[in-house]
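A.B. asks: Pasting a structure here, questions to come.
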Amino acid sequence: MQARSHLIFGIGATWLMHRTGWAASVHAWPLTLVGALLPDIDHPKSMLGRRVAPLSLAISGLFGHRGMTHSLILPVLAIVGCIYGWGHVPPWMLALCAGYLSHLLADWLTPSGVPLCWPLRTRFRSPLFVSTGSAAEWCVAAALAFVMWRWW
Ligand SMILES: [Zn+2]
């Protein structure tokens with residue numbers, strides 16, 4: 001999906017955290033937006049990849065687009081690392097991981113799917129999917145925005 005849609009999904013992660021009482025700190029919420037863009041750091045022309053071009057090029061060269069950064073390995077390692085190091089997962093990490101997972105969910109809705117169990121090559125994809133940049137993508141993002149607006 002495109003960055004704008006990922007941001008809407010990131011706001012959706014914030015909305016879900018708000019609705020469920022997770023990460024009560026409002027200051028952590030912007031991190032969901034960072035998390036929602038973070039997996040596409042593996043694409044040098046993405047919104048985030050353009051801002052950190054050398055790092056993006058390196059990750060792209062090592063793993064390709066929709067490789068390691070589009071799996072569950074990084075959020076799982078982050079959560080396990082927090083629990084191991086601090087005994088709990090701080091709200092800012094919950095927010096970052098929620099945004100990250102929102103990105104994976106959004107890309108799961110596309111024909112390419114996501115390799116959730118990387119390095120295994122199996123890609124997971126929704127049975128109903130939308131092409132990136134299509135009108136259907138905008139309909140999905142608009143529907144999500146409407147749900148959040150209606151039930152905030
Ligand atoms: Zn992506």
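The values are calculated or read from the model by the stated rules, or taken from the named source; none is laboratory data. On a predicted model such as this, the values are computed, not experimentally measured, just so you know. Because the Cβ atoms are built from the backbone with ideal geometry, glycine has one as well, and the counts that use them run over all protein chains shown. Surface accessibility is based on the protein's heavy atoms, side chains included, excluding ligands, DNA and RNA. Shrake-Rupley method; radii C 1.70, N 1.55, O 1.52, S 1.80 Å.
A.B. asks: Please report, in debye to the nearest 20, how large the charge dipole of the range 1-133 is about its Cα centre when each Lys and Arg carries +1 at its beta carbon and each Asp and Glu carries -1 there.
C.D. replies: 220
A.B. asks: Something else: Any idea what diffusion coefficient the range 1-42 gets from Stokes-Einstein, in µm²/s, Kirkwood Rh on alpha carbon pairs, 37 °C, 0.692 mPa s?
C.D. replies: The calculation lands on 315 µm²/s.
A.B. asks: Another question, then. Based on the Cβ-Cβ distance of Ile79 and Phe129, what FRET efficiency does E = 1/(1 + (r/R0)^6) give at R0 = 30 Å, to the nearest 0.05?
C.D. replies: On the way: r = 28 Å, r/R0 = 0.92.
Given R0 = 30 Å and the Cβ-Cβ separation, E is 0.60.
A.B. asks: Extension gain Arg121-Val26, at 0.36 nm per residue separation less the Cα-Cα distance, in nm?
C.D. replies: 30.5 nm
A.B. asks: Percent of Cα-Cα pairs per 10 Å bin, from 0 to the last occupied bin, for the range 32-143, please list those.
C.D. replies: 15, 40, 36, 9, 1
A.B. asks: Let me ask something additional. Over the heavy atoms of Leu109, what accessible area does a 1.4 Å probe trace out, to the nearest 10 Å²?
C.D. replies: 30
A.B. asks: I would also like to ask the following. Can you list residues from other chains, or at least 5 along the same chain, whose modelled amide H is less than 5 Å from the amide H of Thr110?
C.D. replies: Counting only residues 5 or more places away or on other chains, the set is Ser126, Val130.
A.B. asks: Can you tell me the equivalent ellipsoid semi-axes for the range 1-77? Use √(5λ) from the Cα gyration tensor, largest first, whole Å.
C.D. replies: 25, 13, 10
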